[in-house]
Amino acid sequence: MIDLSHLRADFPILQREVNGHPLAYLDSASSTQKPIQVLDAMDRFYRTSYANVHRGAYALAEEATEAYEGARGKVAAFIGAPASELVFVRGTTSAINLIAYGWGLDHLGEGDRVMLTLLEHHANIVPWQLVARHTGAELVYLPLTDDRRIDTAALDGLIDDRVKVVAFSGMSNVLGSIGPVDELAEAARSVGAITVVDGAQMVPHLPTAVSDLGVDFLAFSSHKMLGPTGIGALWGKAELLDEMEPAEGGGEMIRDVDLHVSTWADVPHKFEAGTPPIAEAVGFGAAADYLAAIGMDAVRQHEKEITGYALERLSEVPDLTVYGPSDLEVRGGAVSFTLADIHPHDLATILDQHGIAVRAGHHCAKPLMRALDVPATARASFYVYNLLEEVDALIAALHEARRLFGVA
């Protein structure tokens, strides 16, 4: 088994206790903890090099610009993309909104379709609903298989030349289901549709090279891959980014402004209106460096091993239902479950009393909750700093929950 336990020393927060127990942070699908390398990079930038970026003619501004654009290069390299095709955004949600408004308003119309799936996060549903109101486009959804993967067998009945966008999660934040990116991208190409991948869970957990994906857009967030909140990235093919209109206007993104007309800066700057999150970009770049140093193959292998162990131990808990595939080759480390008739919020509260942090709720995936016929689930999710011992602590606390609620 791959041993990444030495990484825990890089995460100061993991040294603390919660309710008298060592913290077991099992909520990384929601947001990850930050290593000292990321914290130090942002602190050092603020202490030594902070200024606004671009256009400044003094040394500090030039250093800040170099750090900001250097971070862009690091994040782009992390997904095998040129820096010129990577736009800094607030996160995955703002990236998909940018595509929906920047591309969708000009390319969608009455009778066109946007194909989504039943396992999408609200971030990959609501922007398309909003644009559909303006354009008259229709949303259609691929169903799920019995093991809660995207049912590509349904493509035959849904994919045709009315479909202009195929947008889907690369890895479900609820079920852990992965892709299938290749099959969906191929289906999109067959009818001339663009492919949009919500990579919020995929990019932090799987080796990712956009040249191999065969998609048109990829969106992901810094805070789910050890970086700070408030920043994410949108990668897009150069020709599509060139033809897209910006969704926000103002400083930084202009080439010229006249009283009645303006022209835009080149990509990626035409999509970065206003003062950007500069220190956050520096932290994002440091997080990409940190993960690259571990190696994404090692990250993936560790996740498969700890998820496999968790699924095995969870199967020992009576009355517990896990939602998502059991095949580790097609799932990531987000493991959603319910325990008898205990409400997930009550379950999460009991686990917290044992120092275990899990998420409970609809996970911003209400259509999926309805498809699963549950109001909510509890979710444990794993990342590079988690240990098998934390899975054991989770199992022990679940048995205690059964006892407290009289299920045992």
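A few comments on the model shown:
- Among the residues making up the stretch 1-58, those that are closer than 20 Å to Pro228 by Cβ, among the aliphatic types (A, V, I, L, M) and part of a helix (DSSP H, G or I) are Leu7, Ile13, Leu14, Ile36, Val38, Leu39, Ala41, Met42.
- Any hit, the stretch 274-293, residues being out of contact with any helix residue (DSSP H, G or I) (no Cβ under 9 Å at 6 or more places or on another chain) and farther than 15 Å from Val75 by Cα: yes
- Candidate set: the stretch 1-27, residues that are open to solvent by 40 Å² or more (accessible area, probe 1.4 Å) and of a type in the set (Val, Ile, Thr); chosen: the one nearest to Leu394 (Cα to Cα): Ile13
- One residue from Arg300, Arg370 being assigned to a helix (DSSP H, G or I), open to solvent by 10 Å² or more (accessible area, probe 1.4 Å) and touching a residue at least 40 places away in the same chain (Cβ under 8 Å): Arg300
- Residue ID - nearest to Arg162 (Cα to Cα), chosen from residues in the stretch 93-122 that are touching a strand residue (DSSP E or B) at 6+ places or on another chain (Cβ under 9 Å), open to solvent by 10 Å² or more (accessible area, probe 1.4 Å) and assigned to a helix (DSSP H, G or I): His107
- Within the stretch 15-53, the set of residues being in contact with a strand residue (DSSP E or B) (Cβ under 8 Å, 6 or more places away or on another chain) and hydrophobic (A, V, I, L, M, F, W, C) comprises Val18, Leu23, Ala24, Leu26, Ala29.
- Among the candidates Ala76, Ala83, residue that is among the hydrophobic types (A, V, I, L, M, F, W, C) and either in contact with a Ser or Thr (Cβ under 6 Å, 6 or more places away or on another chain) or open to solvent by 10 Å² or more (accessible area, probe 1.4 Å) (or both): Ala83
- Matching residues in the stretch 292-315 - criterion: being aliphatic (A, V, I, L, M) and more than 23 Å from Val174 (Cβ to Cβ): Ala292, Ala293, Ile294, Ala298
- Complete set of residues in the stretch 192-214 that are farther than 16 Å from Glu138 by Cα and either touching a His at 6+ places or on another chain (Cβ under 9 Å) or of a type in the set (Val, Ile, Thr) (or both): Thr195, Val196, Val197, Asp198, Ala200, Gln201, Val203, Thr208, Val210
- Subset of the stretch 66-92 (residues that are farther than 18 Å from Pro207 by Cα and outside any helix (DSSP H, G or I)): Val87, Phe88, Val89, Arg90, Gly91
- So Met253, is it out of contact with any helix residue (DSSP H, G or I) (no Cβ under 6 Å at 6 or more places or on another chain), closer than 30 Å to Glu66 by Cα and crowded, with 16+ Cβ neighbours inside 10 Å: no
- Those residues of the stretch 327-338 which are surrounded by fewer than 24 Cβ atoms within 10 Å (Cβ to Cβ) and touching a helix residue (DSSP H, G or I) at 6+ places or on another chain (Cβ under 6 Å), in sequence order: Leu328
- Checked against the criterion of being of a type outside the set (Lys, Arg) and on the phi > 0 side of the Ramachandran plot, the candidates Leu226, Leu218 yield just one match: Leu226.
The values are calculated or read from the model by the stated rules, or taken from the named source; none is laboratory data. Fair warning: this is a prediction, and the values are worked out from it, not measured in the lab. Cβ: placed from backbone, ideal geometry, glycine included. Neighbour counts: every protein chain shown. SASA here: full protein model, heavy atoms, side chains in, ligands and nucleic acids out. Shrake-Rupley method; radii C 1.70, N 1.55, O 1.52, S 1.80 Å.
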